[in-house]
Amino acid sequence: MESKLFSPLQIRGVTLKNRIVLSPMLQYCADNGHVNDWHLMHYGKFAAGGAGLVFVESTKVDPRGCSTPRDLGLWKDEFVAPLKRITDLIKRNGAVAGIQLGHSGRKARRSVPWEGRVPMANCPGVDHGEEWELIAPSAVAFSERYAVPRAMTHDDIQEAMANWGQAARRAHEAGFDVLELHGAHGYLIHQFLSPVANQRTDEYGGTPEKRMRFAIEVVREVRKFWPDEKPLFLRASAVDEAGWSIEDSVAVARVLKTHGIDVIDCSAGGMSEANASEITPNYGYQVDYARRIKAGADIKTMAVGMIIHADQAEEIIRSDGADLAALGREFLHNPNWPIDAAQKLGIEAPFKGVSRAYGYWLEKRAANKIGIVSSTWQRGINGG
Ligand SMILES: Cc1cc2nc3c(=O)[nH]c(=O)nc-3n(C[C@H](O)[C@H](O)[C@H](O)COP(=O)(O)O)c2cc1C
């Protein structure tokens, strides 16, 4: 039986060699928005490991939108050239390079996870760090622990549009071929969608259509600078702990598709700290959202969330649960997950496309029945 997980997927002018995606994951180690050698090593290894699409983490369009002082940035042209080293490396290793653009709104300005994700007052030493102001649709704090943000004016909204558009232009110039807008996890776009975070009474708040307006305008602005032949994804919280439902997400997906979104990346939650336990991660816990949005809005979807096993991912794609399977922590555990999955699924020539520096030896390892090293081969290694 032919694998669906390892079948190519064309979206607009871009073809992914398989359906396996590195989910965007903040590394919290940027230097004032800039990439460094960690990022080069980190992203390169997933491409070398056989992923079809490697997403660079949530990269901020405005320094005020950084979750932490260690987020990556695309708010200045000087970020482009260093990022190009990463896209070159990803492409040289046979994967498509993607990047997620984000703005954390009222959830910005926190310490990194291993320092407790504590809301901070300011952060000298990074762009806008001294006078780091939180902006959001309304002056409503995320929780009691968080500062009350300033409600965005019309000028702020226009400035935000320009920031998303310019960041998309820079992503294109840096060589990315897939762009994802972060519209999930309680961040700025999700804040505008939510009746809890968005209590505006102007044309950006109130009815579902008005709350959707910010997202639509971001997509339209980004599409002005992001070429037609390149795919545009949106990560959505398909449901959240503050009343957002799968039906709401299907409605948003239907509308955003008409403005140029090609794929909905289906995550969940992030809107309420108090009710966070309503969404409990377990095996494939968000796959059904991807399935329902795909069917309900007739749009491609990406499933994410505790996708662990090769046969699990294969079944998701085969049963039309989603078009793509994104892995986060499992990929951190094993950057060669696709190579391993190809063997487990019995793919013909599982090492095809893997750099010879690895593929040559892994093929021998497999021929030797995994881990049972013959003495002849051992001599071959030692002698080599
Ligand atoms: C270290 C880490 C950083 C993350 N950063 C991001 C991010 O930048 N953008 C995002 O949308 N999700 C982020 N996530 C969520 C992951 O993309 C993914 O949706 C989540 O971990 C569930 O998938 P998994 O069970 O395969 O890890 C992050 C998760 C982890 C573990």
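Things worth noting here:
- Within a Gaussian network of the chain (alpha carbon springs, distance under 10 Å), most fluctuating of Glu78, Glu180, Glu221: Glu78
- The DSSP beta bridges internal to segment 1-159 are antiparallel in roughly 25% of cases.
- On a per residue basis, the convex hull of the C-alpha atoms belonging to segment 314-373 measures out at 107 Å³.
- Rounded tilt (10° steps) of 246-258 against the dominant C-alpha axis of the chain: 90 degrees
- Accessible area of Lys76 in the full protein assembly, 1.4 Å probe (Å², nearest 10): 60 Å²
- Selection from Tyr358, Asn163, Val239, by position along the positive dipole direction of the chain (Cβ): Tyr358
- Separation between Cα centres of segment 42-64 and segment 274-304, rounded to whole Å: 22 Å
- Overall, the anisotropy analysis places segment 195-326 in the oblate class: the square-rooted eigenvalues a ≥ b ≥ c of its C-alpha gyration tensor yield a/c not less than 1.5, with a/b not exceeding b/c.
- 222 nm mean residue ellipticity, helices alone, for the chain (DSSP H n ≥ 4; -39,500 (n - 2.57); rounded to 500): -11000 deg cm²/dmol
- Per residue, the accessible area of segment 9-350 comes to 37 Å², computed with a 1.4 Å probe over protein heavy atoms only.
- The chain: most fluctuating residue of Asp62, Asp311, Asp71 per GNM, C-alpha cutoff 10 Å: Asp311
- Gaussian network model of the chain, Cα within-10 Å springs - most flexible of Arg169, Arg145, Arg223: Arg145
- Within the accessible area of segment 271-364 (1.4 Å probe), percent carbon and sulfur: 50 percent
- Straight-line cross-link reach from Lys257 at under 18 Å between alpha-carbon atoms covers these aspartates and glutamates, not counting any fewer than eight positions away in the same chain: Glu180, Glu209, Glu217, Glu221, Asp228, Glu229, Glu247, Asp248, Asp265, Asp298, Asp323.
- Furthest towards positive pole of dipole, Asn282, Leu74, Ile135, structure part the chain, Cβ charges: Asn282
- Centre-to-centre, using Cα atoms only, segment 145-215 and segment 221-262 are separated by 12 Å.
- All Cα-Cα distances of segment 9-350, cut into 10 Å bins from zero to the largest, leave 6, 27, 37, 24, 5, 1 percent in each bin in turn.
- Rounded accessible area of His128 (nearest 10 Å², 1.4 Å probe): 80 Å²
- Mean sequence separation of contacting Cα pairs (under 8 Å, at least six apart), scaled by the length of the chain, corresponds to a relative contact order of 16 percent.
- Translational diffusion of segment 268-380, µm² s⁻¹ [Kirkwood Rh, Cα pairs; Stokes-Einstein; 20 °C; 1.002 mPa s]: 129 µm²/s
- In this Cβ point-charge picture (+1 for Lys and Arg, -1 for Asp and Glu), the chain has a dipole of about 1160 debye about its Cα centre.
The values are calculated or read from the model by the stated rules, or taken from the named source; none is laboratory data. Remember, predicted model here, so these are calculated numbers, not experimental data. In this analysis, Cβ positions are derived from the backbone assuming ideal geometry, glycine residues included, and neighbour counts consider all displayed protein chains. Each accessible area value is taken on the protein alone, full model and side chains, heavy atoms only, with ligands, DNA and RNA left out. Shrake-Rupley method; radii C 1.70, N 1.55, O 1.52, S 1.80 Å.
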